[in-house]
Each structure stands twice: as structure tokens, then as C-alpha cells.
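Chemist: Structure below; questions to follow.
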Amino acid sequence: MSRKKEQILKTAKELFMLQGLQETSLEQIAEKVPASKMTIYKHFQNKEGLIEQVLNELVDEIIQDFYSMLDHAKDNPLEGLMELQKYEGTDKISQVFIMDLVKYYPQQSQRLLAYQREEIIPKFEHFLFEAQKKGQIRKDISPHVLTLFIMSIKQFFANPENLVGITDINAIRDQFMTLLYYGIISPDHKKE
């Protein structure tokens, strides 16, 4: 990838996260890089092509981190679960970016949701199932339900309105994880 194309992607990602997709124009990106609009069109054909490439890079980065964490946690899934919950890679994706993606670029948001549904969730559920087989997580809790619960906690913390008045977000997050952690550990594993 050329240096100019990398600069365009980096700048587009910054502006998309800060201002959203609708409020960010190709002119703003070109001015900030600096590059001509023709250079942007040469590399991405149009704004949707640029959005698609930014989204691909974001997803690739998050997926690499996710698989790496799962791989490192295969011997101790409970510790891995804590690390996954603390992972802040998805926090790099702003609410305004997601809202604009859903509203104005539904085909891109559907592709993202399909990837999550077909790749991420099954791998994570398998990870939880393996923890159940090792006796670390209670077997009476469905890995699917647990996955949905963890995703809802992440979504809660991703919404700034839920955090108004909270002075120590990390302490609250840790308390949520403690509740989750001790609620799912199998009785046999608690004794260890």
C-alpha cells in the first residue's frame, strides 16, 4: 500500500470517528492529508469505497486482537474472559460512526453484523464451551446466553449516556466483571 493511501485511510478513520460518516467530506479528508480529491478517487473510487476500506482495517485489527487473546487464554479461559472484557479495541469505534454506518450505509453495517454473527460469536461460544468442559464455568449456563450477556455489558459501557456521573469507569467495569466472573465459575473450580 502506498504511503499516500495509508495517510488517506488514517485521516479518514480519524475524521469518521470524530465527526461521523455524514459530516466528513472527501474534501475535508483531502485537505487534512494533504492530497487531491482525485488521489482519493484513484485509490478508493468513491466515499463508500473509502468507508469500506476503513471498516475492513478496523475489523482486521479487532479480529487479530480477538484471536490472539483467545489463543493466549486457551489454558485459562477465565483469565481470558477478564482480558477480553477489558479489551478496548472496539472502543476506538465511535457511536457516531456506528450510527451513521447503520443509517446511511446499511449494506456495510449488515456485512459487519454478519461477520460478528458468523465468525466472532461462534468462536467465542466455543471458547466458553471449552471452559465448561474444563470445569471452570458452570455447565448450566448456555455459552450463547453468556455471550449475549457479555456483549450487553460492552454495549452499556460504549454508550456515553450510561456513564454520566460515574467518576471511575474502570472500577465500575471491574465490579461488573467480578459479578460475572463469580456468577459463572463452577463450584468445583471456586475451591481451587
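The values are calculated or read from the model by the stated rules, or taken from the named source; none is laboratory data. Source: prediction; values computed, not measured. Cβ atoms come from the backbone with ideal geometry, glycine included; neighbour counts cover every protein chain shown. Please note that ligands, DNA and RNA were not included when accessible areas were found on the heavy atoms of the full protein model with its side chains. Shrake-Rupley method; radii C 1.70, N 1.55, O 1.52, S 1.80 Å.
Chemist: Roughly what percent of Cα-Cα pairs across the chain reach past 28 Å?
Modeler: On the way: 6963 of 18336 pairs.
Of all Cα-Cα pairs in the chain, 38 percent lie more than 28 Å apart.
Chemist: I would also like to ask the following. Using a 1.4 angstrom probe and counting only protein chains, how large is the accessible area of Ile153 in Å², to 10?
Modeler: We get 10 Å² for Ile153.
Chemist: For Lys5, what is the net charge nearby, where nearby means another residue's Cβ is under 12 Å from its Cβ and Lys, Arg count +1, Asp, Glu -1? Write out the running numbers ahead of the final one.
Modeler: Details: positive: Arg3, Lys4, Lys10, Lys42; negative: Glu6, Glu57.
Taking every other residue near Lys5 into account, the sum is +2.
Chemist: While we're looking at this one, here's another question. Less than 26 Å apart at the alpha-carbon level, and either on another chain or at least 8 residues along: which lysines does that give for Lys47?
Modeler: Qualifying lysines at Cα under 26 Å: Lys4, Lys5, Lys10, Lys13, Lys32, Lys37, Lys92, Lys103.
Chemist: Where the accessible area of segment 15-137 is counted over protein heavy atoms with a 1.4 Å probe, how much of it, in %, is carbon and sulfur? Walk me through the numbers on the way to the answer.
Modeler: Values: 3580 of 6790 Å².
Ligands and nucleic acids excluded, carbon and sulfur give 53 percent.
Chemist: Looking only at Cα atoms, what is the convex hull volume of segment 58-136 per residue, in Å³?
Modeler: Working: hull volume 6.5 nm³, N = 79.
It is 83 Å³ per residue.
Chemist: Per DSSP H run of at least 4 residues, take -39500 (n - 2.57); add these up for the chain, divide by its residues and hand me the 222 nm value, nearest 500 deg cm²/dmol.
Modeler: Rounded to the nearest 500, it is -22500 deg cm²/dmol.
Chemist: Moving to a separate point now. Sticking with the crude label model, points 7 Å out along Cα→Cβ, report the distance from Val102 to Asp168 in nm, one decimal please.
Modeler: 3.2
Chemist: Could you tell me how many degrees, from 0 to 90 and to the nearest 10, lie between the Cα long axis of helix 169-184 and the main elongation axis, the longest principal axis, of the Cα atoms of the chain?
Modeler: 40
Chemist: Counting heavy atoms of the protein chains only and a 1.4 Å probe, report the per residue accessible area for the chain as a whole number of Å².
Modeler: On the way: 11430 Å² over 192 residues.
Accessible surface, normalised per residue, equals 60 Å².
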